[in-house]
Amino acid sequence: MTTRSTPHAPPPAAAAAAAPQPRTGQAPAPLDRAAFRERFLQDFQDPRFASEAADAIDRIEAIAWRNYDEGRKAPRTRKAGPGHADPDYDLSVDWIEAKERIDAARTRWADPASPPRALLVCGSARNDGTCPGEISKSWRLLHAAREALADAGVEVDTLDLSRVTSDYGRHIHPCKGCVSTAMPLCHFPCSCYPNHAMRQTGDWMNEIYERWTAAHGVMILTPVYWYQAPSPLKLMIDRLVCTDGGNPDPTSTHGKKAAEAKALELAGWDYPKHLAGRAYALAVHGDVAGIESTRRGLSDWLDWMGLIDAGPAARLDRYIGYYESYADSHAALDRDTAVQDEVRGAAQALAVAITALRAGRLVQPDAGVRRPRPK
C-alpha cells in the first residue's frame, strides 16, 4: 500500500476532547525583544556588513521579529480545496507544491512503460568542497555502483548528502518527533518546514521525498561514524518517518493540532506505507568497528518501511584499510579491488531485483501476513 484512497475526516469535537491531552512544560519561554535581536545579528558579524547602512539591517530585523513574535510559520497559503478533510483550511503553498510533485513522481514510478530508476544515496558528510578537502570513499564506491546500474539499463539518480556541509543555504532540518505525539500529526510530506518565524527554511527534504518516490530501487553507500550512520544520513532517515504511516492530509488535524491527531489515531489509523514496494541495496564501510551494526540498523529500517532487499550480495558491510592510517585511506581502497567488485555486484543485484519487482516476479514474502500490531 502506498497511500490511502480517501482522507480521514477530522475527529468530532467530543472525540478530540476525550483523547489524551498533550503534556506540556518542556519548551523554554520565547525570546524577548533584546535576546531575539542579539541572535538575529549573529549572521551579520562579518565586517563587510558594516558598510551597509545600519538602518537597513534594523528594518529587516524588525520584520523578522514581528514574524517570530506572531509565529508566522507559513506566509503563503491557499484553501486546501476538494479531496481534503477540511477544504476551507488554509494550507501551505510549499506543502501543496511538494505534494503535487510527489504525486507526479508516484505516477511515474507506477507506470509500467517508464524506464527503471534507481536512487543512489551517498551517506558520507565528506567532500572536497569543504573543510576535509577530499572526496569520500563512499562517493567513489557510488560511482562504481552507478556504472554497474547503467550497464544494466537502469536510470540513476545520485543523491549526495554531503552537500548539506558544502552547499550554501542547503539544510535537512531535524525531525521534531511529531509521530511520537500521534501518527496523524506526522504529515507526508512533512509540514514542519519551512517555518519562517523560526528561520527554518531552505529544507532539502521536499525534493528528497520526490526522488525516493520516483525510484524503483534505492542503494545507500555510507561510512560508519562513531558506530553510527553519519549525521546527514541520519537526518534524512529521521525525516523519512512520514513516509511510513504519515498523514497525507494536514487539514484532518488542522495543521499541528495535537489533540485532534491523538483522537484521529485512537479512532483507527491505517499507517500507510508510502514507499513500500521498492527494492534496496546497502554498502556500509568502516576502518575499525561498527559496520555490522550500522548495516543491520539500515536493513531493519528499510525492511520496516516495506522495501525489499535485493539479496545477501546486496547487503554489504566491509572494512577498508582496517586499522590503517586515515591519510592512506584512499590508497587502501585503490588496493581493495575485491570490495569495489562487491559494490558493483550489489548494484547488479539491485538491477535484477528492480526488473523482477516490476514484472511481478519478486514479491514481499510476508506481504499477505496480517500485522496484529500495525504501527
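So, in region 182-202, of the ones that are touching a His at 6+ places or on another chain (Cβ under 6 Å) and crowded, with 24+ Cβ neighbours inside 10 Å, which residue ends up farthest from residue 268 (Cα to Cα)?
193
Quick one: residue 27 ticks every box in (1) surrounded by 12 or more Cβ atoms within 10 Å (Cβ to Cβ); (2) assigned to a loop (DSSP other than H, G, I, E, B); (3) at pLDDT below 95 bar one, so which box is it?
Of the numbered conditions (1) surrounded by 12 or more Cβ atoms within 10 Å (Cβ to Cβ); (2) assigned to a loop (DSSP other than H, G, I, E, B); (3) at pLDDT below 95, the odd one out for residue 27 is (1).
Which of the residues spanning region 194-226 are assigned to a strand (DSSP E or B), under 26 Å from residue 351 (Cβ atoms) and out of contact with any Lys or Arg (no Cβ under 8 Å at 6 or more places or on another chain)?
Those that are assigned to a strand (DSSP E or B), under 26 Å from residue 351 (Cβ atoms) and out of contact with any Lys or Arg (no Cβ under 8 Å at 6 or more places or on another chain): 219, 220, 221, 222.
Considering only residues that are polar (S, T, N, Q) and either over 21 Å from residue 343 (Cβ atoms) or free of Cβ contacts under 8 Å to residues at least 40 places away in the same chain (or both), which ones fall in region 208-227?
213
Could you give me the residue pairs with C-beta distances under 8 Å whose first residue belongs to region 259-288 and is on the phi > 0 side of the Ramachandran plot, whose second residue is of a type in the set (Asp, Glu) and assigned to a strand (DSSP E or B) wherever it lies, and which are 6+ apart or on separate chains?
271/244
Grab the strands (runs of 3 or more DSSP E) fully contained in region 61-169, keeping just those with 1 or more residues being surrounded by 14 or more Cβ atoms within 10 Å (Cβ to Cβ) and without any contact (Cβ under 8 Å) to a residue 24 or more places away in the chain.
77-79, 90-92
Select from region 219-255 the residues that are among the aliphatic types (A, V, I, L, M) and in contact with a His (Cβ under 9 Å, 6 or more places away or on another chain) and list them in ascending order.
Of everything in region 219-255, those that are among the aliphatic types (A, V, I, L, M) and in contact with a His (Cβ under 9 Å, 6 or more places away or on another chain) turn out to be 221, 224, 235.
Name the pairs: first residue in region 300-314 and more than 15 Å from residue 365 (Cβ to Cβ) and free of Cβ contacts under 8 Å to residues at least 40 places away in the same chain, second residue of a type outside the set (Gly, Ala, Ser) and surrounded by fewer than 19 Cβ atoms within 10 Å (Cβ to Cβ), Cβ to Cβ under 8 Å, at least 6 apart or on different chains?
Cβ pairs passing all conditions: 313/342.
For region 330-375, what are the residues that are among the hydroxyl-bearing types (Ser, Thr, Tyr) and either surrounded by 17 or more Cβ atoms within 10 Å (Cβ to Cβ) or in a loop (DSSP other than H, G, I, E, B) (or both)?
Once the filter is applied, which keeps residues that are among the hydroxyl-bearing types (Ser, Thr, Tyr) and either surrounded by 17 or more Cβ atoms within 10 Å (Cβ to Cβ) or in a loop (DSSP other than H, G, I, E, B) (or both), region 330-375 yields only 355.
Between a residue in region 347-375 that is in contact (Cβ under 8 Å) with a residue 60 or more places away in the chain and any residue that is loosely packed, with under 11 Cβ neighbours inside 10 Å and not aliphatic (A, V, I, L, M), which pairs come within a Cβ distance under 7 Å, given they are 6 or more apart or on different chains?
Short answer, once both residue conditions are applied: 358/112.
Filter region 23-71 down to residues that are closer than 23 Å to residue 194 by Cα, among the aliphatic types (A, V, I, L, M) and more than 30 Å from the chain's Cα centre (by Cα), then give me how many there are.
Residues flagged as closer than 23 Å to residue 194 by Cα, among the aliphatic types (A, V, I, L, M) and more than 30 Å from the chain's Cα centre (by Cα) within region 23-71 amount to 6.
Output the number of residues of region 170-188 satisfying the condition of being in a helix (DSSP H, G or I) and without any contact (Cβ under 8 Å) to a residue 60 or more places away in the chain.
Residues in region 170-188 being in a helix (DSSP H, G or I) and without any contact (Cβ under 8 Å) to a residue 60 or more places away in the chain: 1 in total.
The values are calculated or read from the model by the stated rules, or taken from the named source; none is laboratory data. Computed from a prediction, not measured in an experiment: that's the story for all the values here. Note that we place each Cβ from the backbone using ideal geometry, even for glycine, and neighbour counts take in every protein chain shown.
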